[in-house]
Every structure is written in C-alpha cells, then in structure tokens.
Amino acid sequence: MQYFDYAASCPLDEEAAKAYVKASAEFYGNASSLHDIGDKARQLLEHCRGEFARLLRVPKDGIYFTSGGAEGNFLAIQALLSASPKEGKHIVTGMAEHSSVANTMKLLKKSGYDITFLPLQPDGKINLSEFQSALRDDTVLVSIQHGNPEIGTIQPIKEMAALCRNNGILVHSDCVQTFGKAEMSTISPMVDSLTISGHKFYGPKGIGVTYVNPSLTWKSFFPGTTHESGFRPGTVNVPAVAAMSVAAKRAVEQQRIRAEHFTHVKEAFIQSLSPAESAFIIYNSDLPSTVGMRVKGLEGQFVMLECNRRGFAISTGSACSVHLQTPSKTMTAMGITGKEAKEFIRISFGRETTEEDVIQLGETLVKIANQY
C-alpha cells in the first residue's frame, strides 16, 4: 500500500521514537512531583518548552503542552475569550475551519455569541476586504486557520492580525497544517494564540503545543487545574513531548529541503494526469505537500475506495470529517455544492514519497477517470 495521506498523519520519525523510549525509561517521574525523580522529568519538560519557544519564536512562558490540535484549539479559544480586553459577543471565523474550531463555535453560539463565518474565494483564500468589513465594535475574537487542511491554501494571517490589533481584537490561528511546512516567524508574533500537533510533522499522536500570549491574563477552563499552569488537567506526557520536540526540530531544520522535494513530486504527479487532464479539477495550493482535486462525475469516496483497492491510500478531506458523509467544508466554503462538492479528494505527500510513487498514483487516477 502506497501512502498519500500525510496531511492526516505521519509515521513516527525514528529519532523521535528513540527519544520517546529513552524518556519513558529514564525520565519516568511525574513532572509535578517534588522529589528528584520528578524534578528530572520536569527539567526535560522545561527544556522542550524552551525548544518550542525557540522554534516558534515566542516567549517560553506562553507554551503549553496538550493532547493535540483539537484540544488546543478549544482551550486556546476559551482562554482568549476569558482574557478579552473589551466587552463584546461577536466572533469572526472561517467557513472551512477544522471541526474542532467549528464545533467550538457552535457551542459558543449556544452561549450567546454571534458568529460570522467567512467564505473562501475561488482561490481558496478569505477576501481581506470582506474580513475587514466583518469586524465590528463588539468583535472580541478572530479564529482563522493558517493553512487549509484540504487544499493547502495559506490565509493572510499577518494582515488580518494587524487589522485586529488596531481594534483590540484577539486572534487565534490553527497552525496544525503549516508548522514545519511554511514560514511561521512572521505569524507567531502577530497572533495571540496558535496550535500545532505532533503527528503532523512525524511526532507521536496525542501530543501538541498551544501558545497563548503570556501578556494576557486568562482563566483556566477547568477550575483547580494545576498542570501546565492551569491550562489543562492531567499528568503531562513527558516522553511524547520529548519525541515531538525532536521531530519538530528536524522538521524546521529540513523545511526548505522538504519543500523542494514536495514541489518536485507534485509537478510529477500533475504531469502524470495529463492523458486525462480534462477529467480533473486541481485547486490552488500554497503548500506543495497538499493537492486538493476533483475527478469530474465521480464521488470522492468512490475514487478513494477504488484507489485503496488498487493499493493507494488517499483521502476525501480532513480526517476529522470523512466519516460524516457530508461535502468537503472547503468546497462548500468556496461555493461548490451538491454532487460537485462530494467529488473532492485530497492527495498529500511525505518525505518518503518518491517520483515513481506519484506517477503510479496519477496513472491509476487516469485509469479510474477513463473507466467510469
């Protein structure tokens, strides 16, 4: 089976796996315990916290370890709302946000918040003028994902954050799809919170990082929580944090090389579709590792199952939504509805992907398009 679903999850990096085993065996104490064994684990944890602060270029005391992007998004949004410098019940977000953000917005709406959901333009991006027009005097929070998980477009977070800063509006950005793949040094200092998830960059599953600007005074969502300065309850998974730290460092160090590799295999993949070029619609992407596309006239789930039968693992969109049997949120946000929206499939590449792999996948998709 050839794997083309790296946007959903990556295999664990070998060096990260070694770090996990070593930390599990040698740093097994509870990082909150006061004895020397607990202190040894705490020192490792704080070293990793400093490493992520360096990689993200943010203050160390704003780094919190979570179970991943979904929990991080929820807790970051709750933290920012509790720390808002002004009164108001209006939030601006995108129509294509990850389900963890979208579901949090549904919950907040029940609590009395007014939510504005912004659509995507045909190029997969939010119109900056439309975004500015959506901001109101009572807007307290903006939550916009940095990179789209289905087609790989990157939103103008820096420009959006500048508009918000001038109006006392806090900004959260889901950066799960972009850490280690796109330049974040201009983004992280501009937002008030962001989230990343270890298994998207060859770290372990079930571990992530949330940054919240330490200049903000937020309230814990879980009263009485002591772990992670009250940000979340539960004993911190120090071995997973250590492994994620190793994977993160490698991802950032190799970011440029990997981008060149992704660009090369993406070009080879698109070229391999040329014998049936008219049967495919390929969407604009800023992340060369992600290709969002449609096979005209064929439902995405059918194409995915046909590819799986022939030895290729692809996706029909965000892994947190594929079981809902609903159209891609990105397609809907771009104004594509009905049967056409359900034609969507996603191909995503990893560092193991070869030119031969993508050509074989392209040839398979051509056969499927011609056969059906």
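The values are calculated or read from the model by the stated rules, or taken from the named source; none is laboratory data. This structure is a prediction, so every number in the text was calculated from the model and none was measured. In this analysis, Cβ positions are derived from the backbone assuming ideal geometry, glycine residues included, and neighbour counts consider all displayed protein chains. Just so you know, the surface numbers come from the protein's heavy atoms only, side chains and all, with ligands and any DNA or RNA stripped out. Shrake-Rupley method; radii C 1.70, N 1.55, O 1.52, S 1.80 Å.
Rolled with a 1.4 Å probe across the full set of protein chains, the surface gives SER33 an accessible area near 40 Å². Rounded, prolate or oblate, given the Cα gyration tensor of the stretch 85-129, with a/c below 1.5 counting as rounded? In terms of gyration-tensor shape, oblate.
Computed over protein heavy atoms with a 1.4 Å probe, the carbon and sulfur contribution to the accessible area of the chain reaches 52%. Protein-only accessible surface at a 1.4 angstrom probe places the residues TYR113, TYR202, TYR20, TYR372 in the order TYR372, TYR20, TYR113, TYR202, largest first. Ordered by solvent-accessible area of protein heavy atoms (1.4 Å probe), largest first, the residues ARG136, ARG294, ARG165, ARG256 come out as ARG256, ARG165, ARG136, ARG294. Each residue was assigned an accessible area with a 1.4 Å probe, and for LYS106 the value is about 130 Å². For the chain, the longest principal axis of the alpha carbon atoms and the long axis of helix 69-82 meet at an angle near 50°. Add +1 for every Lys or Arg and -1 for every Asp or Glu among the other residues with Cβ under 10 Å from the Cβ of ALA268, and state the total. Net of charged neighbours comes to -3. Ligands, DNA and RNA are left out, and with a 1.4 angstrom probe the accessible area of the stretch 164-234 is 36 Å² per residue. For SER129, the accessible area of its heavy atoms, probed at 1.4 Å with every protein chain present, is near 80 square angstrom. Sorting HIS90, HIS35 by accessible area puts them as HIS35, HIS90; the probe is 1.4 Å, largest comes first, and only protein heavy atoms count.
Relative to the longest principal axis of the Cα atoms of the chain, the long axis of helix 238-253 lies at roughly 60 degrees. The gain in end-to-end length when the GLN132 to TYR28 segment is fully stretched comes to 32.5 nm, 0.36 nm per residue minus the alpha carbon separation.
Geometric descriptor of the stretch 241-285, per residue, is 98 Å³ (volume of the convex hull of the Cα atoms). For the chain, the longest principal axis of the alpha carbon atoms and the long axis of helix 300-309 meet at an angle near 80°. The residues of the stretch 1-153 present an accessible area of 44 Å² per residue when probed at 1.4 Å with all protein chains retained. Note on GLU355 and LYS205: the extension gain reaches 51.2 nm, defined as 0.36 nm multiplied by sequence separation minus the Cα-Cα distance.
Send over the per residue convex hull volume for the chain, Cα only, as a whole number of Å³. That works out to 129 Å³ per residue. Estimated from helices alone, the mean residue ellipticity of the chain at 222 nm is -12000 deg cm²/dmol (sum of -39500 (n - 2.57) over DSSP H runs with n ≥ 4, per residue). Computed over Cα pairs, the Kirkwood radius of the stretch 100-204 leads via Stokes-Einstein (0.890 mPa s, 25 °C) to a diffusion coefficient of 169 µm² per second. For the pair LYS296/GLN271, report the inter-label distance in nm, with labels modelled 7 Å from Cα in the Cβ direction. According to this spin-label approximation, the distance is 2.4 nm.
Calculation over all alpha carbon pairs of the stretch 231-372 in 10 angstrom steps from 0 returns a P(r) of 11, 35, 30, 17, 6, 1 percent. For the stretch 149-230, the C-alpha radius of gyration divided by 2.2 N^0.38 Å, with N the number of residues, is 1.22.
Subtracting the Cα-Cα distance of ASN103 and ARG309 from 0.36 nm times their residue separation leaves 70.9 nm of extension gain. How much net charge surrounds THR210 when only other residues with a Cβ under 11 Å from its Cβ are counted (Lys, Arg +1; Asp, Glu -1)? Local charge sum for THR210: -2.
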